[in-house]
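Participant: I have a structure I would like to understand better, so I am pasting it below and will then ask my questions one at a time.
Readers should treat all values here as calculations from the given coordinates under stated rules, not as data from a laboratory. Everything quoted here is computed from the prediction, not taken from an experiment. So basically every Cβ, Gly included, is an ideal-geometry build from the backbone, and we count neighbours across all protein chains shown.
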Amino acid sequence: MRAKDEFGPEYVVEVFDAKTGMQGVMVIDNTARGPGKGGMRMQPDVTTEEVMGLARAMTWKNALADIPFGGAKSGIKFDPKSPHKEAAIRAFADKVKKFIPDLYIAGPDMNTTEKEMAQFADQVGNNMATTGKPASMGGLPHELGSTGYGVALCIKTAVESRGGKLDGMTVAIEGFGNVGTFAMKFLSEWGAKVVAASDSKGVIYDNNGLDHGELMRTKAEKKTVTAHGKGQVLPPAELFKLPVDILIPGARPNVITDANVDDVKAKIVAEAANIPMTYGVEKKLMQKGVLVLPDFLANAGGVISSYCETMGWDEKKMFEVVTEKITNNTKLVMERAKDGDTRAAALAIAKERVLEAMRK
Ligand code: NAD
């Protein structure tokens, strides 16, 4: 098990419900800045150690996002396809109830959606128990696009902080899902030229630029971007090698590795997905002069939106808060990362904020 350090964890709570067979773990890593906030995932093989690592990652992510949340995470060891899924969620809610919402606030994660969040909040008997609830319960759903918007804004801010302009810069996006589609929408609106987008079937690449609305129609009607009809279709892995200015890994973890890092031609890599590469691989890119916008900076729009949900704010106010936080935090990281190591700079800022709260 991961050792305890000065930051946490404050609580590691393992629970078991004999009736459903549900086993779960809730890790509250650090609450110096506010209640521990982090997703609740359901996976048959989730481990306490994995949840501890994810809870720590949330401590840094929420601090860097500059929202008044600490870090936490929970995992329910249960088959997500079981007909007894709801009973397992409710059993877990009963077990961890006493920590909510002062020390823990949940959110959707692997195999949990707004439906499970509604069940969880209902069982706890407090709407504040979780974010990511249905709109009818005051939720601000991911479908509003806060994360993809934040990714696009982080890139724009970073480019402008170096005296550049998004206008005409070419972009390739891995994953045409929630995050990828919104990142494309806003980058296109702000003058960038998205030339490639991918999904599990492959890449659509058109050097003349892809139209966001047209590609959305293709995906909706034909289920894959590769059926677009215009441009070239390439295998998924080719996306990372394209001659573009900006590369956005936005689907899966560990897609840029020692094996393909030398093929990356982009000058900016913005991590929309979580952990699309290790720190070692990031450093290789940084040494080549590539600007890496780390995941916990670039994709923080989602957690900022979660904070807005707990405040009961509407969509308009949420986008204002995401704009302010992403712009400020990106500028700060760009100023601090004089040596090019943006992850180290971002982590240092997050740690300073947590330490300051702990001192108070
Ligand atoms: P999503 O399920 O909406 O979309 C994922 C997309 O990836 C789909 O278009 C899918 O076809 C595509 N994909 C799957 N396999 C692929 C492959 N081999 N090659 C290329 N594309 C492939 O997911 P999402 O919500 O957009 O999340 C994407 C990533 O962003 C994940 O890593 C997630 O953890 C991270 N993230 C999401 C949010 C959010 O608010 N949704 C917040 C922070 C981080």
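Participant: Given a Förster distance of 41 angstrom, what is the FRET efficiency for R217 paired with R359, based on the Cβ-Cβ distance and rounded to 0.05?
Facilitator: 0.15
Participant: Counting residues in the chain as N, plug N into 2.2 N^0.38 Å and put the Cα Rg over that result.
Facilitator: 0.98
Participant: Another question about this same structure. Relative contact order, percent, of the chain when contacts are C-alpha pairs under 8 Å separated by at least 6 residues?
Facilitator: Once normalised by length, the contact order is 15 percent.
Participant: Next up: Which helices, counted as full DSSP H runs in the chain, have an axial Cα extent of no less than 20 Å and a Kyte-Doolittle average of 0.5 or above? The partial results should precede the final answer.
Facilitator: Details: long enough: 48-65 (25 Å, 0.07); 146-161 (22 Å, 0.64); 315-336 (31 Å, -0.71); 342-359 (26 Å, 0.22).
Span-like helices in the chain: 146-161.
Participant: Right, here's the next one. Sorted by packing (mean other beta-carbon atoms within 10 Å per residue), highest first, where do 175-187, 204-216 land?
Facilitator: In descending order of packing, they fall as 175-187, 204-216.
Participant: Let me ask you something else. Going by the alpha-carbon gyration tensor, a ≥ b ≥ c the square roots of its eigenvalues, is segment 171-217 rounded (a/c under 1.5) or, if a/c is not under 1.5, prolate (a/b greater than b/c) versus oblate?
Facilitator: Oblate shape, in that a/c is at least 1.5 and b/c is the bigger or equal ratio.
Participant: Taking the highest mean first, how do the peptides 146-154, 87-95 order by number of other beta carbon atoms within 10 angstrom per residue?
Facilitator: Most protected by this proxy first, the peptides run 146-154, 87-95.
Participant: Something else: Given charges of +1 on the Cβ of Lys and Arg and -1 on the Cβ of Asp and Glu, with all other atoms neutral, how large is the dipole of the chain about its Cα centre, in debye to the nearest 20? Please report the intermediate quantities before stating the final value.
Facilitator: Working: 47 positive and 46 negative charges, 27 e Å.
Charge dipole of the chain: 120 debye, to the nearest 20.
Participant: If you take the square roots of the eigenvalues of the alpha-carbon gyration tensor of segment 39-145 and sort them as a ≥ b ≥ c, do you get rounded (a/c under 1.5), prolate (a/b over b/c) or oblate?
Facilitator: Rounded, because the longest to shortest axis ratio a/c is under 1.5.
Participant: Given K288/K338; K61/K185; K267/K338, which pairs have Cα atoms separated by over 18 Å? Can you show the working numbers first?
Facilitator: Numbers: K288/K338 15 Å; K61/K185 25 Å; K267/K338 16 Å.
As for pairs spanning more than 18 Å Cα to Cα, those are K61/K185.
Participant: Sort 325-336, 225-236, 54-65 by the packing proxy (mean of other Cβ within 10 Å over each peptide's residues), most packed first.
Facilitator: Output ranking for 325-336, 225-236, 54-65: 54-65, 325-336, 225-236.
Participant: Moving on. Considering only DSSP beta bridges where both residues belong to the chain, give the percentage that are antiparallel (nearest 5).
Facilitator: Around 50 percent antiparallel, to the nearest 5.
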